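Chemist: Sharing a structure with you now.
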Amino acid sequence: MTRVVALIDGEHYPPVVRFALAGLGHEYEVVAAAFIGGTEKVDLQAGMATYGVPVVTGATAGEALAEAIDRYDPCAVIDLSDEPILSPADRFELATIALSRGVKYRGADFIFSPPRARMTTKTPTLGLIGTGKRVGKTAVSAYVARRLKAGERDVVVLAMGRGGPSEPELIEGERVRLNTSDLLELARQGKHASSDNYEDAVMSRVTTVGCRRCGGGLAGETFFSNVPEGARLADSLGKELIMLEGSGAAIPPVACDATILIVGAGRGIEYVRDYFGPYRVGLADLVVIASAEEPVAAPEQIQALRDEVARQAPDIPCVVTTFRPAPLEPIAGKRVFFATTAPEGVISKLAEFLEDEFDCEVVATSAHLSNRELLRKDMQGAQGTFDVLVTELKAAAIDVVAAAGAEAGVPTVLCDNVPITLDDSDLGSLVESVAAIAIERGTSRKG
């Protein structure tokens, strides 16, 4: 029978709790109960023997649950508590404690399960996960891959996405330099030519394996994916490190030796403080706060994020960054139409950066790279004013921007999003340290 720990409280009359525990005993092996508070219907001085199972207490409900899990090693936690002892927010906190220990958390009408590692590779793994979509995860991943490659680490990126291939797709980025024409041809074949694995291969020139997924749970589980098959392919390549790139808030279903968490500064503190934000912070060996500039996020919002990360994980480094575009080809002297997924309020900064750093004139922009209808309107409105299209490799970059450019005889230049540190942290050194941790843990695991 499945071993479980029950959550009980003093707002329920003890004989009723014992009745419930006996009922659970028909389906589970109840190895202990964690007493999480309440005094109305229980005489604490009389002791806990009345419940018929070992009872664990603590200074807080979280401490009691953590102690019960660590001591009795259950497969699941069964929540027999209720309001007013546990609010919905309290339950997420307790579920985070359970899930972080690989234990399911079940209530009367809900079940939270920890994301499953459906396979473990022989090669050490470094995960890159996010708190949601459009937080800069792929841009950070590309930066990490470039940095490790420059340090002579032999890496492969395993990327999963909502538009990934039906079968895991291998691209030897060191040997094959994909250009806009290649990506247009892929789009004509019905592939999502702006998928994350193509962005990783183009921006970092490392080997990539592209996968797909559909659906994402609160804690990061996916409904369907071909990531395990992709991981087996990546594992067969003899690389030093596999970088596992998540998708949105979904976590790759492969065992991870170390993790980098990317937090979108503009999404709000609730993405790290509430629900399963603390679960993701608990997985991290490095936290990167991305797009941390006005008007996306005010200084006080960024500081609140840093403080919350420090509260939850005081020993984990946290670095504050934003992004700046870096075209992959020269655009000096050109009139530029710039397409991006960045918010409208940031575009003027990005355009100014392009003009100052790459000696071009940005004559028109669009923040609608992820909205094809509005993107086409922006391009039509600027028709005849630009010599070159500059676009991030995301969303409609190929099937709309590059396709329109090819039809009009206007070249399309892809651009990277480079993370720029906004505090005194050394992002490159932190990345190298986390990669070393992953390799050390992975090597020890193999032994």
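The values are calculated or read from the model by the stated rules, or taken from the named source; none is laboratory data. If you're wondering where the values come from, they're calculated on a predicted model, not measured in any experiment. Note that we place each Cβ from the backbone using ideal geometry, even for glycine, and neighbour counts take in every protein chain shown.
Chemist: Whether any residue in the range 214-227 is over 21 Å from the mean Cα position of the chain (by Cα), of a type in the set (A, V, I, L, M, F, W, C) and at pLDDT 85 or above is what I want to check.
Modeler: Taking the range 214-227 first, the residues over 21 Å from the mean Cα position of the chain (by Cα) are none.
Looking for residues that are over 21 Å from the mean Cα position of the chain (by Cα), of a type in the set (A, V, I, L, M, F, W, C) and at pLDDT 85 or above, one finds none in the range 214-227, hence no.
Chemist: Just give me the residues in the range 144-156 being in contact with a Ser or Thr (Cβ under 8 Å, 6 or more places away or on another chain) and assigned to a helix (DSSP H, G or I), in sequence order.
Modeler: Ala145, Arg146, Lys149
Chemist: How many residues are in a helix (DSSP H, G or I) and either in contact with a helix residue (DSSP H, G or I) (Cβ under 9 Å, 6 or more places away or on another chain) or of a type outside the set (A, V, I, L, M) (or both) when one looks only at the range 369-388? Even if it seems obvious, please write down each step before you answer.
Modeler: Of the residues in the range 369-388, the ones in a helix (DSSP H, G or I) are 372-381.
Now drop any that are not either in contact with a helix residue (DSSP H, G or I) (Cβ under 9 Å, 6 or more places away or on another chain) or of a type outside the set (A, V, I, L, M) (or both), which leaves 372-373, 375-381.
Count: 9.
Chemist: A follow-up question, please. Restricting to the range 240-263, give me the number of residues that are in contact with a Ser or Thr (Cβ under 6 Å, 6 or more places away or on another chain) and farther than 21 Å from Arg212 by Cβ.
Modeler: 2
Chemist: Hey, among Ala98, Ala117, Ala89, which residue is part of a helix (DSSP H, G or I), small (Gly, Ala, Ser) and modelled with pLDDT under 95?
Modeler: One residue alone meets the criteria, Ala89.
Chemist: Got at least one residue in the range 21-33 being surrounded by fewer than 15 Cβ atoms within 10 Å (Cβ to Cβ) and either assigned to a helix (DSSP H, G or I) or of a type in the set (Val, Ile, Thr) (or both)?
Modeler: Yes.
Chemist: So, one more: Which number in (1) of a type outside the set (Phe, Trp, Tyr); (2) touching a Leu at 6+ places or on another chain (Cβ under 9 Å); (3) closer than 15 Å to Lys133 by Cβ; (4) surrounded by fewer than 23 Cβ atoms within 10 Å (Cβ to Cβ) marks the one condition that Glu245 misses?
Modeler: With respect to (1) of a type outside the set (Phe, Trp, Tyr); (2) touching a Leu at 6+ places or on another chain (Cβ under 9 Å); (3) closer than 15 Å to Lys133 by Cβ; (4) surrounded by fewer than 23 Cβ atoms within 10 Å (Cβ to Cβ), Glu245 is out only on (4).
Chemist: Return a yes/no flag: does the range 266-285 have any residue that is closer than 23 Å to Glu229 by Cβ and either assigned to a loop (DSSP other than H, G, I, E, B) or without any contact (Cβ under 8 Å) to a residue 40 or more places away in the chain (or both). Lay out the reasoning, then the answer.
Modeler: Quick first cut of the range 266-285, residues closer than 23 Å to Glu229 by Cβ only: none.
No; the residues of the range 266-285 include none that is closer than 23 Å to Glu229 by Cβ and either assigned to a loop (DSSP other than H, G, I, E, B) or without any contact (Cβ under 8 Å) to a residue 40 or more places away in the chain (or both).
Chemist: Among what's in the range 49-66 and is assigned to a helix (DSSP H, G or I) and under 22 Å from Gly25 (Cβ atoms), pick the residue that is modelled with the lowest pLDDT.
Modeler: Restricting attention to the range 49-66, the residues satisfying the condition of being assigned to a helix (DSSP H, G or I) are 49-51, 61-66.
Of the ones still in play, those that are also under 22 Å from Gly25 (Cβ atoms) are 49-51, 64-65.
Working: Ala49: 72, Thr50: 80, Tyr51: 85, Ala64: 96, Leu65: 97.
Among those residues, the one meeting the criterion is Ala49.
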